[in-house]
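The next block holds one structure in the form of structure tokens; read it before the comments.
The values are calculated or read from the model by the stated rules, or taken from the named source; none is laboratory data. Predicted model, so just to flag it, every value in this text is computed and none were measured. Positions of Cβ are generated from backbone atoms using ideal geometry, with glycine treated the same way; all protein chains shown enter the neighbour counts.
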Amino acid sequence: TSWGEEHWAAGCILSLSSKGIMSGYTDGTYRPDNTITRAEVIKMLTVAYAKYDSAADYDKFTDVKKSQWYYSYVASAVNSGIADSNGIGNEKFGPDSAITRESMITFIARCLAEIDGYFWLSDSAVKTELDIFSDNSKISSWAKASVALCVRNGIVNGYSDSNGVLTFKPGNNMKRGEVAKVVNSIL
């Protein structure tokens, strides 16, 4: 079907679609198992949190031009605190790059802390939350507090293998269905 109603994330996809937060492709499909870009995620979050401002301006990223569809979404995200003004470094935001788990969770945590009033965890609490993952050393230092905040609040969990070993897989690219589930869980 055009929205993939048989997909495990169908309920989340349809919920976000009905709220105007997420849309499919021009051919009427959603493609929940495709990767999603940083710009697409920022659009979803600025709309979901009513932080989108079509007149928003932020011209520090060399890879985000005013002529691009996502310019005002990225500017809105930076201006509202959803996205960091450093982007991915070197004056770049990486709007067309697939979003990794740790980057997505960092955006989510910033929404929770900056907009919803959640409190960041202490260093010892961050360590405790991340110790459940066998690959916690692979989580970038800039993402650790964000991942821990989202784990503590049940927004994200890891992957369990057949031996019960839990991993986070911070560098894995997120799929559209996964993002729909996470965004739906914070609204």
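For every residue, the table says whether it meets (1) surrounded by fewer than 19 Cβ atoms within 10 Å (Cβ to Cβ); (2) touching a strand residue (DSSP E or B) at 6+ places or on another chain (Cβ under 8 Å).
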| residue | (1), (2) |
| --- | --- |
| 115 | yes, no |
| 123 | yes, no |
| 135 | yes, yes |
| 138 | yes, no |
| 147 | no, no |
| 156 | no, no |
| 163 | yes, no |
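When you scan the stretch 23-47, how many residues do you find that are of a type in the set (A, V, I, L, M) and either at pLDDT below 95 or touching a Phe, Trp or Tyr at 6+ places or on another chain (Cβ under 7 Å) (or both)? Don't jump to the end; show me each part of the working.
The first filter runs over the stretch 23-47 and keeps only residues of a type in the set (A, V, I, L, M), leaving 36, 39, 41-42, 44-45, 47.
If we keep only those that are either at pLDDT below 95 or touching a Phe, Trp or Tyr at 6+ places or on another chain (Cβ under 7 Å) (or both) as well, we get 39, 41-42, 45.
Going through the stretch 23-47 one residue at a time, the tally reaches 4.
Where the second residue is among the acidic types (Asp, Glu) and the first is in a loop (DSSP other than H, G, I, E, B) and lies in the stretch 14-28, which pairs have Cβ atoms under 9 Å and are six or more apart or on separate chains?
Pairs found: 22/40.
Of all residues being farther than 18 Å from residue 172 by Cβ and of a type in the set (Asp, Glu) in the stretch 129-158, which is farthest from the chain's Cα centre (by Cα)? Just the residue, please.
Here the answer is 131.
Could you say whether any residue in the stretch 44-53 is exposed (fewer than 15 other Cβ atoms within 10 Å of the Cβ) and either among the basic types (Lys, Arg) or assigned to a helix (DSSP H, G or I) (or both)?
Within the stretch 44-53, the first condition is being exposed (fewer than 15 other Cβ atoms within 10 Å of the Cβ), and the residues that meet it are 50, 53.
Next, only the ones that are either among the basic types (Lys, Arg) or assigned to a helix (DSSP H, G or I) (or both) stay: none.
Within the stretch 44-53, none of the residues are exposed (fewer than 15 other Cβ atoms within 10 Å of the Cβ) and either among the basic types (Lys, Arg) or assigned to a helix (DSSP H, G or I) (or both).
This table checks each residue for (1) modelled with pLDDT under 95; (2) assigned to a helix (DSSP H, G or I); (3) over 17 Å from residue 35 (Cβ atoms).
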| site | (1), (2), (3) |
| --- | --- |
| 118 | yes, no, yes |
| 126 | no, yes, yes |
| 148 | no, yes, yes |
| 164 | yes, no, yes |
| 179 | no, yes, no |
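Looking at the stretch 12-32 only, could you name the residues that are more than 18 Å from residue 97 (Cβ to Cβ) and not hydroxyl-bearing (Ser, Thr, Tyr)?
Going residue by residue through the stretch 12-32, those that are more than 18 Å from residue 97 (Cβ to Cβ) are 12-30, 32.
Answer for the stretch 12-32, where residues must be more than 18 Å from residue 97 (Cβ to Cβ) and not hydroxyl-bearing (Ser, Thr, Tyr): 12, 13, 14, 16, 19, 20, 21, 22, 24, 27, 28, 32.
From the set of residues in the stretch 86-106 that are polar (S, T, N, Q) and without any contact (Cβ under 8 Å) to a residue 40 or more places away in the chain, which is nearest to residue 36 (Cα to Cα)? Talk me through it step by step, then tell me what you get.
Going through the stretch 86-106, the residues polar (S, T, N, Q) turn out to be 86, 90, 97, 100, 103, 106.
Still in the list and also without any contact (Cβ under 8 Å) to a residue 40 or more places away in the chain: 86, 90.
Working: 86: 21, 90: 22 Å.
Once the filter is applied, the top-ranked residue is 86.
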